[in-house]
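Have a look at the structure below before the remarks.
The values are calculated or read from the model by the stated rules, or taken from the named source; none is laboratory data. On a predicted model such as this, the values are computed, not experimentally measured, just so you know. Note that we place each Cβ from the backbone using ideal geometry, even for glycine, and neighbour counts take in every protein chain shown. Heavy atoms of the whole protein, side chains included, go into the accessibility calculation; ligands, DNA and RNA do not. Shrake-Rupley method; radii C 1.70, N 1.55, O 1.52, S 1.80 Å.
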Amino acid sequence: MLDARDGTTSMGAPAASPNWTVEAAWSLYRLPFNDLLFKAQSVHRQNFDPNRVQLSKLLNIKTGGCPEDCGYCSQSSHHSTGLTASKLMEVEKVVAEARKAKDGGATRYCMGAAWRNPKPRDMDAIVEMVGQVKALGLETCMTLGMLDREQSDRLSAAGLDYYNHNIDTSARYYPQVTSTRTFSDRLDTLENVRQSGMKVCCGGILGMGEEEADRVDMLVTLANLTEPPESVPINMLIPIAGTPLAEAAPVAPIEFVRIVALARLMMPTSYVRLSAGRSAMSDEMQALCFFAGANSIFVGDTLLTTANPEDEADRKLFDRLGLQPV
Ligand code: SAM
Ligand code: DTB
Ligand code: SF4
């Protein structure tokens with residue numbers, strides 16, 4: 001039986017494709033912390049092995065010089081962050097890096113470019129990268145900015161498994177963060193990716209000065225997409241000197257864990273990725289996130305332009321928590 005209050009069944013399991021209301025999401029978010037985590041862990045166990053975590057590796061295939069003005073980003077040409085812009089990396093170099101990532105235990109390889117959108121002249125090299133990385137036996141993911149339908153069709157035909165395109169925050173707060181595109185531009189690309197048959201990786205950033213309500217609203221938008229994203233990255237802002245958000249107040253760890261738990265409850269079969277910001281988290285905070293239902297991380301000592309925990313630190317953390325890679 002559906003419990004209208006929180007969008008779950010009387011057995012505690014989420015209803016199939018619930019149409020989430022903000023009120024239902026809030027009533028879960030505001031539960032006593034222990035109740036929220038118990039619920040999230042219970043739903044997690046119904047859908048996943050609770051002791052396995054998927055490992056993804058990121059590579060910045062085109063650094064900096066981006067025309068967009070995202071307030072959090074080191075790679076925007078609107079901010080003076082001291083980053084040196086580069087051209088698109090050569091295919092051979094990308095494939096060599098992917099091979100190393102595979103040897104290191106990653107199962108998904110995510111290639112990112114600091115673009116508003118790919119230019120027609122870039123598409124051949126991008127398609128080649130997808131084919132060669134996939135041939136190594138890795139799942140492929142790209143994040144290249146906005147895509148039109150022709151581009152998403154082409155990437156899908158090349159064998160791209162996932163496309164990452166974050167909504168980052170609520171529709172209400174989005175204009176405070178980026179002014180060079182709109183929230184609905186983001187949704188349009190997500191729709192193109194879906195229509196082309198690729199899996200969607202879409203989440204956001206906490207700690208950009210948004211309110212708790214914006215974080216909950218962001219999850220409501222994600223969970224109510226025609227199909228929820230298969231992968232939901234939850235990033236904690238890495239403050240970058242020279243960006244408008246350099247001095248943003250850090251997110252309270254308990255609030256961060258609550259959002260991870262809510263993502264797990266609202267999108268029970270999606271991978272929830274504990275993404276950027278792990279270097280600034282204690283082992284205990286990461287452990288709480290895994291308990292709340294996070295089951296994917298980025299491995300390797302760099303994300304796109306910032307530091308991530310060293311492999312050795314992650315190995316020790318996994319050992320202490322009894323976690324295994326997927
Ligand atoms: N240009 C493409 C785009 O914006 O979709 C792809 C790259 S962009 C860097 C990918 C995502 O990284 C952003 O949507 C944001 O969620 C995340 N990100 C970027 N800078 C970050 C930061 N300083 N802290 C946390 N997450 C960040
Ligand atoms: C996502 O949600 N987080 C990743 C990935 N998708 C592309 C990016 C994190 C970037 C962190 C800041 C940096 O290294 O520049
Ligand atoms: Fe460009 Fe993406 Fe950074 Fe925005 S987040 S400035 S689109 S690289």
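First compute the accessible area of the chain with a 1.4 Å probe, then give the percent of it belonging to carbon and sulfur atoms. Solvent-exposed carbon and sulfur of the chain make up 52 percent of the total. From the alpha carbon centroid of segment 294-326 to that of segment 42-111 is 14 Å. Close amide H contacts of Val53 (hydrogens built in the peptide plane, cut-off under 5 Å, sequence separation of 5 or more or a different chain): Gln324, Val326.
Here's how it looks for Asn60: its modeled amide H is under 5 Å from those of Gly112, which are all 5 or more places away or on a different chain.
When only C-alpha pairs under 8 Å and at least 6 residues apart count, what is the relative contact order of segment 175-287, in percent? Display every interim value, and only then the final one.
Numbers: 119 pairs, mean separation 30.7, N = 113.
Computed value for segment 175-287: 27 percent relative contact order.
What does a probe at Thr107 reach in segment 290-326, counting residues whose amide N is under 16 Å from the point 7 Å along Cα→Cβ? Residues 294-299, 323-326 qualify, since their backbone N sits under 16 Å from the label point. Whole-Hz Karplus values for segment 72-88 come out as 9, 9, 5, 9, 6, 6, 7, 10, 9, 10, x, 7, 8, 6, 10, 7, 4 Hz, taken residue by residue from phi with 6.51 cos²θ - 1.76 cosθ + 1.60 and θ = phi - 60°; glycine and proline positions read x. At a Cβ-Cβ separation cutoff of 4.7 angstrom, cysteine residues of the chain with no neighbouring cysteine are Cys66, Cys201, Cys202, Cys289. Amide H contacts for Met236 (H built 1.01 Å from N in the peptide plane; partners 5 or more residues away or on another chain; cut-off under 5 Å): Leu206, Ser275, Ala276, Gly277. Please compute the net charge surrounding Arg258, taking Lys and Arg as +1 and Asp and Glu as -1 over other residues with Cβ under 10 Å from its Cβ. Result for the local shell: 0.
Per residue, segment 225-297 exposes 34 Å² of accessible surface when a 1.4 Å probe is rolled over the protein heavy atoms with every protein chain present. With the simple spin-label model, which puts each label point 7 Å out from Cα in the Cβ direction, the Glu312 to Glu247 separation comes to 3.7 nm.
How much accessible area per residue does segment 73-196 have, in Å², with a 1.4 Å probe? Numbers along the way, then the final one.
Working: 5660 Å² over 124 residues.
Accessible surface, normalised per residue, equals 46 Å².
Over the chain, dividing the summed -39,500 (n - 2.57) contributions of all DSSP H runs of at least 4 residues by the number of residues returns a 222 nm mean residue ellipticity of -11500 deg cm²/dmol.
Couplings 3J(HN,Hα) for segment 248-258, derived from phi with the Karplus relation 6.51 cos²θ - 1.76 cosθ + 1.60 (θ = phi - 60°), are 4, 5, x, 6, 5, x, 5, 5, 4, 5, 4 Hz, where x marks Gly and Pro. Mean separation of Cα pairs under 8 Å and 6 or more residues apart, divided by the residue count, gives the chain a relative contact order of 22 percent.
Couplings 3J(HN,Hα) of segment 126-143, computed from phi: 4, 4, 5, 4, 4, x, 6, 5, 4, 5, 6, x, 9, 6, 10, 9, 10, 9 Hz, in residue order, whole Hz [Karplus 6.51 cos²θ - 1.76 cosθ + 1.60, θ = phi - 60°; x for Gly and Pro]. A probe of 1.4 angstrom, applied to the heavy atoms of all protein chains, finds Met208 with accessible area near 0 square angstrom.
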